[in-house]
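Enquirer: Before we start, here is the structure in question, set down as structure tokens.
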Amino acid sequence: MKGKQLAHFLRAIAQAVENADDSQIDNFIASLSHLTPNERTARPNSRPPRQDVDEASLQETLERIGMLSSREEGLQVLEQLDFKRKDLLALAKLRDVHTSKDDSVLRLREKLVERLIGARLNSQAIRGT
């Protein structure tokens, strides 16, 4: 929420509390206590927790990216998959891609794409095919 919108929201809550009687406030508090902790703190558009990716999925992803025809397509696919850093490190390990603890998620994606697509494209360019 932006500043003015939040201030308006808080004023509306204050006015509602001032106009409510004790039983209404007690009922409201009781309804909040029935919510689970996750329901109380969940954000409306938050993503569900991501499950760990298994090795078969990682292999499938590597094959899929390896068949693409440009580095840009490979980066786009990796962005869409929204892998965590540890998933990207697992992909890199499967293809013997050198990584550093200082590599960002973007840098890991770039290294993977270069290994999976870039090397093939460079080889084709050298051979003239």
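Enquirer: Taking Ser104 as the residue in question, decide whether it is among the small types (Gly, Ala, Ser) and either open to solvent by 50 Å² or more (accessible area, probe 1.4 Å) or touching a strand residue (DSSP E or B) at 6+ places or on another chain (Cβ under 9 Å) (or both).
Expert: Details: among the small types (Gly, Ala, Ser): yes; either open to solvent by 50 Å² or more (accessible area, probe 1.4 Å) or touching a strand residue (DSSP E or B) at 6+ places or on another chain (Cβ under 9 Å) (or both): yes.
Criteria met by Ser104.
Enquirer: Can you name the residue in region 1-41 that is within 27 Å of the chain's Cα centre (by Cα) and either closer than 30 Å to Arg109 by Cα or charged (D, E, K, R) (or both) and is also modelled with the highest pLDDT among such residues?
Expert: Here the answer is Lys2.
Enquirer: From the set of residues in region 65-85 that are charged (D, E, K, R) and under 20 Å from the mean Cα position of the chain (by Cα), which is most open to solvent (accessible area, probe 1.4 Å)? Reasoning before the result, please.
Expert: Keep residues of region 65-85 that are charged (D, E, K, R), which gives 71-73, 79, 82, 84-85.
Then drop every residue that is not under 20 Å from the mean Cα position of the chain (by Cα), which leaves 72-73, 79, 82, 84-85.
Working: Glu72: 132, Glu73: 68, Glu79: 100, Asp82: 61, Lys84: 90, Arg85: 78 Å².
Only one residue fits best here, namely Glu72.
Enquirer: Hey, any hits in region 83-103 for a residue that's more than 23 Å from Glu55 (Cβ to Cβ) and basic (Lys, Arg)?
Expert: No: region 83-103 contains no residue that is more than 23 Å from Glu55 (Cβ to Cβ) and basic (Lys, Arg).
Enquirer: Here is a list of conditions, (1) under 17 Å from Gln59 (Cβ atoms); (2) within 18 Å of the chain's Cα centre (by Cα); (3) surrounded by 12 or more Cβ atoms within 10 Å (Cβ to Cβ), and Leu116 meets all of them except one; can you say which number that is?
Expert: Leu116 satisfies all of (1) under 17 Å from Gln59 (Cβ atoms); (2) within 18 Å of the chain's Cα centre (by Cα); (3) surrounded by 12 or more Cβ atoms within 10 Å (Cβ to Cβ) except (2).
Enquirer: For Pro49, are the conditions met, namely being modelled with pLDDT under 70, exposed (fewer than 10 other Cβ atoms within 10 Å of the Cβ) and farther than 23 Å from Lys84 by Cβ?
Expert: On the way: modelled with pLDDT under 70: yes; exposed (fewer than 10 other Cβ atoms within 10 Å of the Cβ): yes; farther than 23 Å from Lys84 by Cβ: no.
So Pro49 does not fit the description; no.
The values are calculated or read from the model by the stated rules, or taken from the named source; none is laboratory data. Because the structure is a prediction, the values reported are computed rather than measured. All Cβ positions, glycine included, derive from the backbone under ideal geometry; neighbour counts span all protein chains shown. Just so you know, the surface numbers come from the protein's heavy atoms only, side chains and all, with ligands and any DNA or RNA stripped out. Shrake-Rupley method; radii C 1.70, N 1.55, O 1.52, S 1.80 Å.
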